[in-house]
Structures are given as C-alpha cells and as structure tokens.
Amino acid sequence: MLERFDKYWIGIVLGLILPAVVGYVYIDHFNLWYSMRMFGSALSQTWSKLLFVSVFPDLAFVFVFYAADAWKVSKGLLVGAMPYIIASVYFTF
C-alpha cells in the first residue's frame, strides 16, 4: 500500500516543512517572539538549539517510514533535514 507514496520528493518535502512547523510551534508555545525581536542577532545560540530541536520529528519519522519499508521517503526525510542540521552547526560557531 505504501509503494504508491514511496517517493524521494515526498520525503524531501516533509523533511523541509516539518522542522519549520515544529520550530514555529515551539517559538509560539514558549512565547519567544518578543525575545527574538528584542535581542535580534545576539540569539545565535538560541537559533542553533531551536534548529537542532526542530529536526527531531524528522528523525522520528525516518524510523517510522523505515519500519514501514518506505525506504525512499525515509531517505528523503534525511535529505530534507540536512539544511536544518547544517544551519544548526553554522549558528553554533
């Protein structure tokens, strides 16, 4: 049944959108909008941690799709998560 949805592009799109949604919900839930406007670019460590945390759902779904034998979606999720991981490393240093 999942063979029809086992496409790389589906995984890449999910991998790019899911962390952005999780990051937005995290910022909104903890009311970080004010802090980000107030301190601006001085929050590079906060951005690093936020980007790192937002990738966790991607990694969880990698294992879900891996267990469901949807290999291409799983690989696409990893590819889609890479920009967030690279940005997290960039803001760390």
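The values are calculated or read from the model by the stated rules, or taken from the named source; none is laboratory data. Since the structure is predicted, the reported quantities are computational estimates derived from the model, not experimental observations. For neighbour counting, all protein chains shown are included, and Cβ atoms are generated from backbone atoms with ideal geometry for every residue, glycine included. Each accessible area value is taken on the protein alone, full model and side chains, heavy atoms only, with ligands, DNA and RNA left out. Shrake-Rupley method; radii C 1.70, N 1.55, O 1.52, S 1.80 Å.
Can you tell me which residue within the stretch 10-42, out of those that are farther than 17 Å from residue 87 by Cβ and of a type in the set (S, T, N, Q), is nearest to the chain's Cα centre (by Cα)? If we take residues in the stretch 10-42 being farther than 17 Å from residue 87 by Cβ and of a type in the set (S, T, N, Q), then 31 is nearest to the chain's Cα centre (by Cα). So residue 46 clears everything in (1) under 27 Å from residue 7 (Cβ atoms); (2) without any contact (Cβ under 8 Å) to a residue 24 or more places away in the chain; (3) among the polar types (S, T, N, Q) except one condition, right? Which one? Every condition holds for residue 46 apart from (1).
Contact annotation: residue pairs with Cβ atoms under 6 Å, 6 or more positions apart or on different chains, pairing a residue in the stretch 56-78 that is under 16 Å from residue 9 (Cα atoms) and touching a residue at least 24 places away in the same chain (Cβ under 8 Å) with a partner that is outside any helix (DSSP H, G or I) and acidic (Asp, Glu), are 70/6; 72/6; 73/6. In the stretch 43-77, the residue that is most open to solvent (accessible area, probe 1.4 Å) out of those that are under 10 Å from the mean Cα position of the chain (by Cα) and of a type in the set (Val, Ile, Thr) is 53.
Within the stretch 1-29, the set of residues being modelled with pLDDT under 90, part of a helix (DSSP H, G or I) and open to solvent by 80 Å² or more (accessible area, probe 1.4 Å) comprises 3, 4, 5.
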